[in-house]
Amino acid sequence: MRTPTSVPPDGGGAAAVVLRDVSVRLGGRSVLRHVTTTVPAGCWMTVVGANGAGKSTLLRAVMGLVAHEGSVSVHGTPSSALSPRERARRLALVPQTPVLAPGMTVGTYVLLGRMAHMGPFARESSTDLRAVTGVLQRLGATELAPRQLTTLSGGEAQRVVIARALAQHAPVLLLDEPTGSLDIGHQLEVLDLVEELRHEVGLTVLCTMHDLTLAGQYADQMLLLADGEVAAFGTPAEVLTEATLSKHYRATVRVLHDGDRLIVVPIRSRVGHCGTAHEAPADQEDT
Ligand SMILES: Nc1ncnc2c1ncn2[C@@H]1O[C@H](COP(=O)(O)OP(=O)(O)OP(=O)(O)O)[C@@H](O)[C@H]1O
Ligand SMILES: [Mg+2]
């Protein structure tokens, strides 16, 4: 579990990713509107919000995968000026719904994360192979290396996609719902590894997550999107409030405090079909 970050709120002065007045239209509809935010170098920022709020679109705009108005810069360089190779050296994305091609082993797939470091027509170097084996080892996924991608379970596939992004050794990691298919043990293992890398190599993390309790434990800063706009921004304690969450998720929510941790609990509002009282069948009643 992570300890409180040592990264100062201004990221020590350096900005890893800056979005200025970013808007995106898709299918004739405005899905992201005038988003301005700065992710300081070494910071972990988590974007939350209801389904369709624009979280994946924001990450895709940073990655240069959707056309946008406004500007995105990465380490001071306008994203639009980066070649695909330069972009891949600075940004690694774990997409929400990755495409896993048939006929490829896990080892080969993770090695694709090294492409930006290989020369044209060059074979993989020992450094590339070490990066692949190292990341699979740290994710406890070494035994998956010879397996075909299409034979993996949902959670195994998600860890392999994360392995590929980490093998890329980019200083900014974009994680779109990275734990959606993982059991709680693997959720913590993956997020703890990202946190370790943040401290080891100064990784900057821009993440989306639906599990608000988990999100609050890892993020330095949270940005809540609602209908494509920034509805709240601040520390987890500032964003994860009952009033804010109930309003923007249209749900009754309790926020409990466990020491420094915030636990977000959705509260069921409707009674089930059988009513609140359980009636034991006659033959099970005490005589
Ligand atoms: N290519 C597209 N054409 C039209 N609309 C799109 C397109 N891609 C995304 N959208 C719409 O943009 C909105 C934002 O999508 P986005 O994937 O960013 O939401 P999200 O916040 O990531 O949601 P979720 O929590 O479900 O992952 C949604 O209403 C979605 O239907
Ligand atoms: Mg999404």
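The values are calculated or read from the model by the stated rules, or taken from the named source; none is laboratory data. Owing to the predicted nature of the structure, the values given are computational and were not obtained by experimental measurement. Cβ placement follows ideal geometry from the backbone for every residue including glycine, while neighbour counts extend to all protein chains displayed. For accessibility, only protein heavy atoms count, side chains too; no ligands or nucleic acids. Shrake-Rupley method; radii C 1.70, N 1.55, O 1.52, S 1.80 Å.
Key figures
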{"read-out": "Rel. contact order, % - alpha carbon contacts under 8 angstrom, at least six apart, the range 212-271", "value": "27"}
{"read-out": "Gyration tensor (Cα) of the range 34-172, equivalent ellipsoid semi-axes in angstrom", "value": "28, 19, 13"}
{"read-out": "Which of Ile184, Ile162, Ile267 is most accessible, then next, and so on - probe 1.4 Å", "value": "Ile184, Ile267, Ile162"}
{"read-out": "Mean Cβ neighbour count within 10 Å, used as a protection proxy, ranking 192-201, 223-232 highest first", "value": "223-232, 192-201"}
{"read-out": "Kirkwood Rh, Cα atoms: Rg over Rh of the range 11-272", "value": "0.97"}
{"read-out": "Probe 1.4 Å, protein heavy atoms only - accessible area per residue of the chain in square angstrom", "value": "52"}
{"read-out": "Contact order relative to length of the chain, as percent, for alpha carbon pairs under 8 angstrom and 6 or more apart", "value": "22"}
{"read-out": "Carbon/sulfur fraction of accessible area - the chain, other protein chains in place, 1.4 Å, %", "value": "54"}
{"read-out": "For the chain, calculated [θ]222 nm from helices alone, where every DSSP H run of n ≥ 4 adds -39500 (n - 2.57)", "value": "-8500 deg cm²/dmol"}
{"read-out": "Shape category assigned to the range 51-105 from the gyration tensor of Cα positions, a/c cut at 1.5", "value": "oblate"}
{"read-out": "Square roots of 5 times each gyration tensor eigenvalue, C-alpha, the range 153-276, largest first, Å", "value": "29, 19, 14"}
